[in-house]
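Written out below as structure tokens is the structure these notes cover.
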Amino acid sequence: MAEYQRLLSDLTDEDVCGSCFAVTAYTVHTAMGGNAAMERLRDRLHQRGLKLMLDFVSNHTAPDHSWVQEHPEYYVPGTPEERSQEPQNYSQVGDRVLAYGRDPYFPGWCDTFQLNYGNADLQTAQINELLNIAKLCGGVRCDMAMLILPEIFQRTWGIPIAPFWPVAIPKVRFEHPDFVFMAEVYWDLEWTLQQQGFSYTYDKRLYDCLREQQARPVREHFWADFDYQRRSARFLENHDEPRAASTFPPDVHRAAAIITFLCPGLRFFHQGQLEGYKHRIPVHHRRTGQTAECRITTFDNYVTSVRIT
């Protein structure tokens with residue numbers, strides 16, 4: 001709330017609309033024109049040589065997803081004892097205890113429930129979700145894609161699972177041959193997911209080395225195989241990271257931008273990055289309203305002031 005109030009001095013409860021990573025269904029809201037509007041947008045972009053990419057949240061759903069009531073077996077179960085001992089990781093739903101979605105290093109995300117990839121029917125249902133999403137767009141960014149790797153899932157939940165991505169990706173591409181899969185991935189598992197079929201993977205290691213101003217690790221990072229390089233998504237900020245304009249001193253920012261965006265791979269630019277925004281806007285916000293001053297430094301050292309609203 002403190003972060004929200006710094007951005008919106010007139011913050012109300014209505015301004016916090018919930019998380020876009022707590023998905024109830026992969027359909028376009030009627031207020032945005034429904035699926036038909038999304039299809040028209042996709043087609044107009046395609047006519048201009050562009051692809052529309054949407055998010056796919058593979059690890060968990062919102063608590064009010066229809067599966068919670070209709071298919072509770074799709075979720076990781078808990079026990080009353082686990083809920084009592086770890087209230088940050090489990091919740092009571094009727095006569096059942098379900099686990100919150102999480103990664104192995106942090107408490108659960110209490111606005112989500114954890115999908116159980118040990119259930120073969122759940123894997124089939126998720127593939128069908130991807131096939132439906134693929135009718136609306138040209139690619140997906142897969143949120144925290146490494147969490148459903150068998151070794152990670154086993155470590156987190158103690159449940160053995162069959163690999164999902166090497167099955168799901170070919171099935172989608174059989175119907176949509178040019179469909180793009182991009183993985184949000186950490187913990188040096190980028191190459192693993194590339195080998196499982198992802199077109200691109202987040203390059204968090206390069207970002208971390210640049211932020212820490214470590215020249216030698218940056219240089220050595222580019223010794224990796226060219227196939228790995230060209231399938232890496234390079235960025236200086238995203239919705240999770242602080243703004244680049246507030247993270248990097250101007251000279252370092254310029255050098256980091258040259259390295260990041262002139263090397264092989266996909267260039268990932270975040271909303272507001274090119275304008276030099278300095279305040280990260282939480283994904284839970286319905287609006288932004290606080291006006292702030294920021295400075296943009298470009299490659300020719302031209303500095304301008306802009307207003308952020």
Expressed in angstrom, Rg and Dmax over the Cα atoms of region 40-141 are 16.8, 56
Rounded to one decimal in nm, the spacing of the 7 Å Cα→Cβ label points at R173 and H46 is 1.9
Here the tail fraction of P(r) beyond 17 Å, over all Cα-Cα pairs of region 166-217, rounds in percent to 46
Using alpha-carbon positions, the gyration tensor of region 1-85 gives root eigenvalues a ≥ b ≥ c; with a/c under 1.5 called rounded, otherwise prolate if a/b exceeds b/c, else oblate, the class is oblate
Projected onto the charge dipole of region 99-217 (unit charges on the beta-carbon of Lys, Arg, Asp and Glu, signs +1, +1, -1, -1), the Cα from L189, G118, A145 with the largest positive-side position is that of L189
For the chain, whose charge dipole is built from +1 on Lys and Arg Cβ atoms and -1 on Asp and Glu Cβ atoms, the candidate among P107, Q154, N238 with its Cα farthest towards the positive end is N238
Contact order relative to length for the chain, counting C-alpha pairs under 8 Å separated by 6 or more residues, stands in percent at 15
So for region 234-284, using the alpha carbon gyration tensor with a ≥ b ≥ c as root eigenvalues (a/c under 1.5 gives rounded; past that, a/b versus b/c decides prolate or oblate), I'd call it oblate
Given unit charges at Cβ for Lys, Arg (+) and Asp, Glu (-), the dipole magnitude of region 101-224 about its Cα centre in debye, nearest 20, is 140
Given 25 °C, 0.890 mPa s and a Kirkwood radius over Cα pairs, the Stokes-Einstein diffusion coefficient of region 61-108 in µm²/s is 223
Mean projected area (nm²) from the convex hull of Cα positions in region 45-87 is 5.0
If N is the residue count of region 133-277, its Cα Rg over 2.2 N^0.38 Å rounds to 1.13
So L54 and D251, fully extended at 0.36 nm per residue minus their Cα-Cα distance, gain in nm 67.5 nm
Sorted on mean Cβ neighbours within 10 Å (highest first), peptides 77-87, 142-152 come out as 142-152, 77-87
Over the chain, the sum of -39500 (n - 2.57) across DSSP H runs of at least four, divided by residue number and rounded to 500 deg cm²/dmol, gives at 222 nm -9500 deg cm²/dmol
Once the mean of 1/r over all distinct C-alpha pairs in region 70-213 is inverted, the Kirkwood radius in Å reads 16.5
Per region 197-249, sqrt(5λ) over the Cα gyration tensor eigenvalues, sorted largest first, in Å, gives 21, 16, 6
Semi-axes (Å, rounded, descending) of the ellipsoid equivalent to the chain per its C-alpha gyration tensor are 33, 25, 22
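Read-outs throughout are calculated quantities, based only on the coordinates presented, and are distinct from any laboratory measurement. All values derive from a computational prediction rather than experimental measurement. No Cβ is skipped: glycine too gets one built from the backbone with ideal geometry, and neighbour counts run over all protein chains shown.
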